[in-house]
Amino acid sequence: MKQKIVAGNWKMHTTFDEATQLARSIANANTEDDVTVILAPPFPYLKAIHDMTMHIHGLKVAAQNCHYEDSGAFTGEVAAGMLASLSIPYVIIGHSERREYFHETDDILLTKLRKAQSAGLTPIFCCGEPLNIRERNTHVQFVRSQLDNTLGHLDAEAVSRLIVAYEPIWAIGTGKTASSEQAQDMHKEIRYFIEEKFGSEVANKVPILYGGSVKPGNAAELFANPDVDGGLVGGASLKAESFLEIIAAF
Ligand code: PGA
């Protein structure tokens, strides 16, 4: 049985008070027992929100990024081992905003995946194509190559311990969601990629989340697909009400 997951990526939003209030509202709500809810607040709030939520069943926190070295002279960066020392369970790796604005290549992301896993963190690994690739109808090859260059260098055991998030870049923060069919088609391709490389047992274990303008109004339809195991939610995770409605859509 794959895990059902709804993760909220707060990006560079909220003040500390807003963040703790948001976490409290989610913690106090009675969410579905079988859905794991993950909150990814900005770094300075991570420990406080982890402490607030750690005793609540099914509620976890994630870092939005980590560095690819263990330690050293990397001003402003955060190592995977630091997150592990706070018992942070998850880390988002390879979000398209990191790839685009911070020039994170597949090679860098592979190193981050390895570091995160060796520190004991579970990566939420993001992939997804830009609009021009989708328009050229080469999105499957594009995403397969992102996966080949990263997951393709890990072993089956490592891949069985991560989460994949498919986030078409043209759907992130744009209000344009991939149709339920587009999401299912790509998720099926991602699962097929994992199956080809690592076998069906691993492929059936890895949760594949959809991200890109997930909202209360489209969540149920997206989550009803057999290969969509949950969502990575940006904008709609910043209001407790809409985030809780998305969780309830499962
Ligand atoms: P969005 O962001 O839900 O605001 O489109 C999703 C994400 O970037 O993870």
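The values are calculated or read from the model by the stated rules, or taken from the named source; none is laboratory data. Note that the structure is predicted; figures quoted are calculated from it, not measured. Note: ideal-geometry Cβ built from the backbone for every residue, glycine included; neighbour counts use all protein chains shown.
Points to keep in mind about this one:
- Residue within segment 110-119 that is at pLDDT 95 or above, crowded, with 17+ Cβ neighbours inside 10 Å and under 21 Å from Asp185 (Cα atoms) present: no
- Contact map, segment 89-106: first residue touching a residue at least 24 places away in the same chain (Cβ under 8 Å), second residue part of a helix (DSSP H, G or I) and within 11 Å of the ligand (Cβ to nearest atom), Cβ cut-off under 6 Å, separation 6 or more or different chains; pairs are Ser96/Ile169.
- Every residue from segment 205-248 that is assigned to a loop (DSSP other than H, G, I, E, B), of a type in the set (Gly, Ala, Ser) and more than 10 Å from the ligand (Cβ to nearest atom): Ala224
- Check on Arg144, of a type in the set (D, E, K, R), surrounded by fewer than 22 Cβ atoms within 10 Å (Cβ to Cβ), part of a loop (DSSP other than H, G, I, E, B) and away from the ligand (no atom under 13 Å from the Cβ): no
- Some residue of segment 194-204 being within 16 Å of the ligand (Cβ to nearest atom) and assigned to a loop (DSSP other than H, G, I, E, B): no
- Any hit, segment 130-144, residues being within 16 Å of the chain's Cα centre (by Cα), of a type outside the set (Lys, Arg) and either over 30 Å from Met52 (Cβ atoms) or at pLDDT below 95 (or both): yes
- Checklist (1) farther than 24 Å from Asp229 by Cα; (2) within 14 Å of the ligand (Cβ to nearest atom); (3) surrounded by 14 or more Cβ atoms within 10 Å (Cβ to Cβ); (4) of a type outside the set (D, E, K, R) applied to Pro41, failing item: (1)
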